[in-house]
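Here's the structure, in structure tokens; my notes come after.
The values are calculated or read from the model by the stated rules, or taken from the named source; none is laboratory data. The structure presented is a predicted model; accordingly, all values stated were derived computationally and were not measured. Using ideal geometry, Cβ is built from the backbone for each residue, glycine included, and neighbour counts are taken over all protein chains shown. To get the accessible areas, we keep the full protein, side chains included, count just its heavy atoms, and leave off ligands, DNA and RNA. Shrake-Rupley method; radii C 1.70, N 1.55, O 1.52, S 1.80 Å.
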Amino acid sequence: MSSSVFERIESSHPNVCRVFRGLADGERHLQRIMELDRYWEMPPDTVHPVIKPGSELPPEAVLSGEYDLVYAGGTLGLLHAAVMAKRYGRKVLVFDRHIAARSTRDWNISRNELQRLAETGVYTGTELDSVIVRKYKTGWVEFFQPDGSQKRLYMQNVLDCAVDADRLLCMSREKVLSGVRNSVLDGTTFLGCYRFPGHVVVEVEDSQGRRFYYKAKVLVDVMGVLSPVARQLNEGRPQTHVCPTVGTIASGFDNADFDTGEILASTGPAEMAAGKGRQLIWEGFPAGGEEYITYLFFYDEVDSPNDKSLLGLFETYFRILPEYKRPGKSFVFHRPVYGIIPAYFHDGFNRTRVIADDHIVLLGDSASLASPLTFCGFGSMVRNMQRLTEGLDRALREDSLGKDDLAEVSAYEPNVASMANLMKYMCFNPGTDEPNFVNEMMNEVMIVLDQLPPRYREAMFRDELRLDELMTVMLRVAMRYPKILLATWQKLGVQGSAGFLKNLAGWAFSSTK
């Protein structure tokens, strides 16, 4: 990227320019951020068809390889591909538009949850321990109150392990490539796929503009929020809500506690602008050595008028970071972390988002089945790895690769869907909400959780609450904070309230199976 790009945003994003110019790989990261920000420019109902009938395959197309599974996307896709290749002996190809096994974020999880990867037989406990760069003694959640009365809620075994994402992904890449039939391609962009009765042909383009074609029994879409496949299958509406997230890995803070994870923390009321508003929330996690990760994010409806660009949020992040963590004399930014965490409101008794087609299945953020409040894509993939891989292998063995069959290869969990729908309360609405509404409401939730046994708080932040436990929390919050009833009507309305009740009914029914 030429320096003119920095010059173009110098006046509008001076802090971004200052910091990214000082990073060793700042230009590449800025390019990735601008690429992700294309998401906001996509008209919601516009679809560019990338799933095409086999009859449209160019006559000059020559197959460069045949695979059981072709993965479009080389981050979370590598975790899944490693298990399919090593445990089930599947021939796989993984390609990524950038560099496979390189993430734009690091991850947090509890050790017990991470060890679920060991249950696949592909990762050893020792290998998984080696990617944990720090374990915290405790963690807390706290929401700002003007008079300083906020409840700091402590919890154990919640997001208390910092995972080196790239180390885990590189390990997965090596496991994929340990099978001589498998391939991993960097700098390779998905262009489309052509569907035939028994397979698909995936069309890609390398960094030199050369086109290649690969035959696959199944295309696994792990392209994230920018997935054109997800847009086509969902008629241009791949998400209903989003959580733009930015931050940095840095060292030299004056007030960083390396024994504690700050899971959610707000430092002020909603940031207000003309006709707009967003409740900014921080996260702070110690990483390896002297490094400390800070994130800034907010929850929002995908079609709200707020500026949800990562570039704009980074400018805010650099401006207000000292309000959260104070940079000391030896302070240094090491690299940025960023992403758009997707969410989907399931208006039904079960999953309503389309995640499959004939010989095509969506995983990770492409599927948008995780909760943006807690686990997000990495946690959802890890906790569901066993059934996501067993299910896909069974579909391949039985040659049951139609849309309905592959839709069963899903990370959908009724409890997570219901919890994810609570994100609507976290989306600040300047038309109805007082500036401190989100903080006030969440502070009441923290007080209620503090009055209940520790299992409630840990289960809520690990997406493991039972339905009766969620109802207990909701009823207690309503008794303490009657404003929540009006807020429910304002934020959910008739349709949203009915959708939430259908979610709960589906959850209750699934619990009886």
- [ ] Could you tell me which residue of the range 1-25 is nearest to residue 237 (Cα to Cα), considering only residues that are without any contact (Cβ under 8 Å) to a residue 60 or more places away in the chain and open to solvent by less than 20 Å² (accessible area, probe 1.4 Å)?
- [x] 5
- [ ] Can you give me the number of residues within the range 468-510 that are in contact (Cβ under 8 Å) with a residue 60 or more places away in the chain and among the small types (Gly, Ala, Ser)?
- [x] 7
Task: Test: residue in the range 207-222 that is under 28 Å from residue 334 (Cβ atoms) and either modelled with pLDDT under 95 or crowded, with 22+ Cβ neighbours inside 10 Å (or both) - done: yes
Open item on the list: Can you tell me how many residues within the range 376-390 are over 18 Å from residue 240 (Cβ atoms) and crowded, with 20+ Cβ neighbours inside 10 Å?
Closed with: 9
TODO: Tell me, please, whether a residue that is more than 30 Å from residue 382 (Cβ to Cβ) and out of contact with any strand residue (DSSP E or B) (no Cβ under 7 Å at 6 or more places or on another chain) can be found in the range 456-475.
DONE: yes
TODO: Quick one: count up the residues across the range 104-136 that are open to solvent by 60 Å² or more (accessible area, probe 1.4 Å) and assigned to a helix (DSSP H, G or I).
DONE: 6
Task: Flag if residue 464 is at negative phi, open to solvent by 40 Å² or more (accessible area, probe 1.4 Å) and within 23 Å of the chain's Cα centre (by Cα) - done: yes
Task: Selected residue [at pLDDT below 95 and open to solvent by less than 50 Å² (accessible area, probe 1.4 Å)] from 261, 192, 277, 179 - done: 277
Open item on the list: Which count do you get for residues in the range 391-415 that are open to solvent by 30 Å² or more (accessible area, probe 1.4 Å) and within 20 Å of residue 366 (Cβ to Cβ)?
Closed with: 5
TODO: Mind listing whichever residues of the range 430-455 are open to solvent by 60 Å² or more (accessible area, probe 1.4 Å), farther than 18 Å from residue 487 by Cβ and not in a helix (DSSP H, G or I)?
DONE: 453
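Is it true that some residue in the range 90-103 is in a strand (DSSP E or B), touching a helix residue (DSSP H, G or I) at 6+ places or on another chain (Cβ under 8 Å) and either surrounded by 17 or more Cβ atoms within 10 Å (Cβ to Cβ) or of a type outside the set (S, T, N, Q) (or both)?
Step one: filter the range 90-103 for residues in a strand (DSSP E or B), giving 92-95.
Among the residues that remain, those that are also touching a helix residue (DSSP H, G or I) at 6+ places or on another chain (Cβ under 8 Å) are: 92, 94.
Filter again for either surrounded by 17 or more Cβ atoms within 10 Å (Cβ to Cβ) or of a type outside the set (S, T, N, Q) (or both), leaving 92, 94.
There is at least one residue in the range 90-103 that is in a strand (DSSP E or B), touching a helix residue (DSSP H, G or I) at 6+ places or on another chain (Cβ under 8 Å) and either surrounded by 17 or more Cβ atoms within 10 Å (Cβ to Cβ) or of a type outside the set (S, T, N, Q) (or both).
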Task: Count - residues of the range 290-315 that are touching a Ser or Thr at 6+ places or on another chain (Cβ under 8 Å) and without any contact (Cβ under 8 Å) to a residue 40 or more places away in the chain - done: 1
